[in-house]
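This report refers to the structure that appears directly beneath it.
The values are calculated or read from the model by the stated rules, or taken from the named source; none is laboratory data. Everything numeric in this text was worked out from a predicted model, so none of it was measured. With ideal geometry, Cβ positions are generated from the backbone for all residues, glycine too; neighbour counts draw on all protein chains shown. Keep in mind that these areas ignore ligands, DNA and RNA; they rest on the heavy atoms of the full protein, side chains included. Shrake-Rupley method; radii C 1.70, N 1.55, O 1.52, S 1.80 Å.
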Amino acid sequence: MFLKPEDFATVVRSTPLISIDLIVENAEGEFLLGKRNNRPAQGYWFVPGGRVQKDETLAAAFTRLTHAELGVALALSAGQFHGVWQHFYDDNFSGTDFTTHYVVLGFRVKLEKGASQLPDAQHNDYRWLTKEALLAADNVHDNSRAYFLAEKCAEAPGL
């Protein structure tokens, strides 16, 4: 269920959002990042993902989001749970007048490079980067970079 912008603004202003992030790896050990079109994190390289909608199961959200973000609908069983994370942003989808807070469920997914036509609704460019390259890049958002930091993964991810 998508909300009208004014209703969605009330939700974002008042509550955390639940989302799924997709940590997509190819056979060469590279990870997929897209350059974000929209706020928050606009202009940064970020892993694909999106919000879980009201009354949508996690399995349905996973399939919808993999189709929307990767161009291929995958079952939840195709992902490996990577932990619960929190993302805080100083802006929101419509500007800077209130913050955004996400509770994120991270899932690792295997996908062949070039195996799908990557959609451009949320990202205007894509890159496959090694873990080392994305950790070294200054334009990869810290919230995406956190998925690859060994010390975070060894503890309670994102908490």
Calculate, in nm to one decimal, what Glu112 and Asp142 gain on full extension: separation in residues at 0.36 nm each, minus their alpha carbon distance. 8.3 nm
When a/c reaches 1.5 or more, the comparison of a/b and b/c decides; with that in mind, is the range 1-60 rounded, prolate or oblate per its Cα gyration tensor? oblate
Round to the nearest 10 and give me the degree value, 0 to 90, for the angle of helix 5-14's Cα axis relative to the longest principal axis of the chain. 80 degrees
Lys and Arg at +1, Asp and Glu at -1: neighbours of Thr96 with Cβ under 12 Å from its Cβ sum to -2
Once the piece of chain linking Gln86 and Glu25 is laid out straight, how much longer is it, given 0.36 nm per residue of separation minus the C-alpha distance between them? 19.8 nm
Against the 2.2 N^0.38 Å scaling, with N counting residues, where does the chain land? I'd like the Cα-based Rg ratio to two decimal places. 0.99
Kirkwood Rh, Cα Rg: Rg to Rh for the range 84-151? 0.98
Would you mind getting the accessible area per residue of the chain, heavy atoms of the protein chains only, 1.4 Å probe, in Å²? 52 Å²
Can you pull the one-decimal nm distance between simple spin-label points at His101 and Gln53, each 7 Å off the Cα toward Cβ? 2.6 nm
Taking only protein heavy atoms and a 1.4 Å probe, the highest-to-lowest accessible-area order of Tyr44, Tyr89, Tyr126 is Tyr44, Tyr126, Tyr89
Over the chain, with every protein chain in place, what whole percent of the accessible area is carbon and sulfur at 1.4 Å, could you tell me? 53 percent
In nm, give the distance between the simple-model label positions of Glu132 and Phe2, each being 7 Å from the Cα along the Cα-to-Cβ direction. 4.2 nm
In degrees, nearest 10, range 0 to 90: what is the angle between the Cα axis of helix 58-70 and the longest Cα principal axis of the chain? 70 degrees
Sum up the charges of everything whose Cβ sits under 11 Å from the Cβ of Leu135, counting Lys and Arg as +1 and Asp and Glu as -1, but leave Leu135 out. -1
Sequence gap of 8 or more, or different chains, plus Cα separation below 16 Å: how many lysine pairs satisfy both in the chain? 4
